Every structure is written in C-alpha cells, then in structure tokens.
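Q: The following block contains the structure, expressed as structure tokens.
Nothing in this text is a laboratory measurement; each read-out follows from the coordinates by a stated rule. Since this is a predicted model, take the numbers as computed values, not measurements. Using ideal geometry, Cβ is built from the backbone for each residue, glycine included, and neighbour counts are taken over all protein chains shown.
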C-alpha cells in the first residue's frame, strides 16, 4: 500500500513537472507562436482575416514575416492585392525592406516589380513628395516606370498617385508620371 502511494505521488510529481514545463515553454514562445499564427492567417482568402493578420504582424514588428509579405506582394499585379502587404513591409522594415529585396531577390524582373510595388505603396501612403525625400527621387521615378511597364490596368489603379507625381518638384518623377499617364490615355 505504501509503495502504491509512493508511485502515485511520483507519477503526480512527474506530471506536474511536465505540465509546468509545457506552460513555461508556451509562455516563453508565445510571441513566436502568435507570429506563426498570423503568418498563416496572412495567406487567408478572407480579406478581413488577411487584414487583421497583416496588422498584427506590423504590431509585432515581425522581421520573420518578410518572405510571406514579399510572396503576397508578388502573387498578383492587382494593386488591391499587393498594396496592403507592400505597405506592411514598409511599416515593419522601413528602408531595410528595400535593401533586403535588392540584396536577396536574384531575378532582375522580380526584384524590380517587388521594389516598384513597395515604393508605389510608400508613395500612396506617404505622398509622392515625402516618398521622394525618403527613397530618393530616382527610385520613385523608376518605380513609376515599372508600374507603367505592368500595363494600362496597373497605371489606372494608381492614377491618383501619378496625378500627384505629375506635379512633383523632382523632374525625373514628373516626367515618369506624365509618360505613365500617356499610356492610359492612349490605351483602348
């Protein structure tokens, strides 16, 4: 009887230690667990779920989210699809996101399209003049050129930004915006 009681006590003590370790591990890893959950939710087909996940990743300043955000940015040429992930990249990474893309995306066309999307998102959020000061006017002008290269549908999607850019004090931005808007006016 005494041996059975000791075995029960030993089993309960081991179970208590294991449960304590599980709780401590979950507490220590809670940020990573939350981050993983939001990374999965960012790929949701539901717009509200995706929006909430992107906001949570921004709130967490999730540096691990860059690959997911870049993939979401790259998956579509429709600004309503890539705008929010591109903006999240800027909010989390700032200028480092542009540096990372430049350094780690080997394919020139992919890199250019991703940079254009991220920088056009900066122009949409900050305004063209501030984006030009923050990113250098030539980069903004190049990103406008890449949007124009995506076609008239892409230019139409960012027309308000281009109209603002057409009045920029930076000549390179002004000319790029005017050329892009000419594409829309000549398209059927």
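Q: What spacing in nm lies between the two simple spin-label points modelled at residue 21 and residue 64, each 7 Å away from Cα in the Cβ direction?
A: 2.2
Q: Starting from the 7 Å offset along Cα-to-Cβ, what nm value, one decimal, do you get for the label separation of residue 14 and residue 179?
A: Once both label points are built, they end up 7.3 nm from each other.
Q: Fewest Cβ neighbours within 10 Å first, please rank 30, 91 accordingly. Walk me through the numbers on the way to the answer.
A: Values: 30 10, 91 17.
Arranged by neighbour count, lowest to highest, 30, 91 become 30, 91.
Q: If you don't mind, another one. Roughly speaking, what is the stretch gain from residue 47 to residue 34, that is 0.36 nm per residue apart minus the C-alpha to C-alpha distance, in nm to one decimal?
A: Values: separation 13, 0.36 × 13 = 4.68 nm, distance 1.93 nm.
My answer for the length gained is 2.8 nm.
Q: Mind giving me the FRET efficiency for residue 171 and residue 75? R0 is 35 Å, r the Cβ-Cβ distance, nearest 0.05 is fine.
A: Details: r = 34 Å, r/R0 = 0.98.
My answer for the efficiency is 0.55.
Q: Quick check: convex hull over the Cα atoms of the range 5-85, volume per residue in Å³, rounded to an integer? The partial results should precede the final answer.
A: Details: hull volume 8.6 nm³, N = 81.
Roughly 107 Å³ of hull volume per residue.
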